[in-house]
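The values are calculated or read from the model by the stated rules, or taken from the named source; none is laboratory data. Nothing here was measured: the structure is a model prediction, and the numbers come from that model. Here the Cβ positions follow ideal geometry from the backbone for every residue, glycine too, while neighbour counts run over all protein chains shown. Heavy atoms of the whole protein, side chains included, go into the accessibility calculation; ligands, DNA and RNA do not. Shrake-Rupley method; radii C 1.70, N 1.55, O 1.52, S 1.80 Å.
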Amino acid sequence: QVQLVESGLCLVQAGGSLRLSCAASGSIFRSNVMGWYRQAPGKQRELVAFKATDGGTDYADSVRDRVTISRDNAKNTVELQMNSLKPEDTAVYYCNLQSLGMIYWGQGTQVTVSS
């Protein structure tokens, strides 16, 4: 079993920045993909960014020029740095780990960007 625990600033003004962190623990296979998804009210959950243990990375087009994802493979942690935040970035952000066909989710953390 894998547990994901998220942390980070939750209330930010438009134009500001935030950094979300996620720590994974439990039975984690060495090869995995960690990432962040978000779900705004009334919308489907969507990918924000992911980064694999081999360094493979991708970002959603809507955040590509404003977001950086990083990870520490030794510590099984992943961080999301978001800049130039917009009110439409308001959502519940979920940490995600995928490995050996299994998908694990964090509990989610509410991020609110005020205008």
* Asked: Picking from Thr77, Thr57, Thr90, which residue would you name as being modelled with pLDDT of 95 or more, among the β-branched types (Val, Ile, Thr) and open to solvent by 50 Å² or more (accessible area, probe 1.4 Å)?
  -> Thr57
* Asked: In the range 30-42, what residues are in a loop (DSSP other than H, G, I, E, B) and within 21 Å of Arg66 (Cα to Cα)?
  -> Ala40
* Structure fact -> The condition from (1) more than 21 Å from Gly16 (Cα to Cα); (2) in contact with a strand residue (DSSP E or B) (Cβ under 7 Å, 6 or more places away or on another chain); (3) without any contact (Cβ under 8 Å) to a residue 12 or more places away in the chain that Gly101 misses is numbered (2)
* Would you be able to say whether some residue in the range 5-18 is part of a strand (DSSP E or B), open to solvent by 80 Å² or more (accessible area, probe 1.4 Å) and under 16 Å from Ile103 (Cα atoms)? => yes
* So, in the range 59-108, of the ones that are touching a Gly at 6+ places or on another chain (Cβ under 6 Å) and not in a loop (DSSP other than H, G, I, E, B), which residue ends up nearest to Val33 (Cα to Cα)? -> Asn96
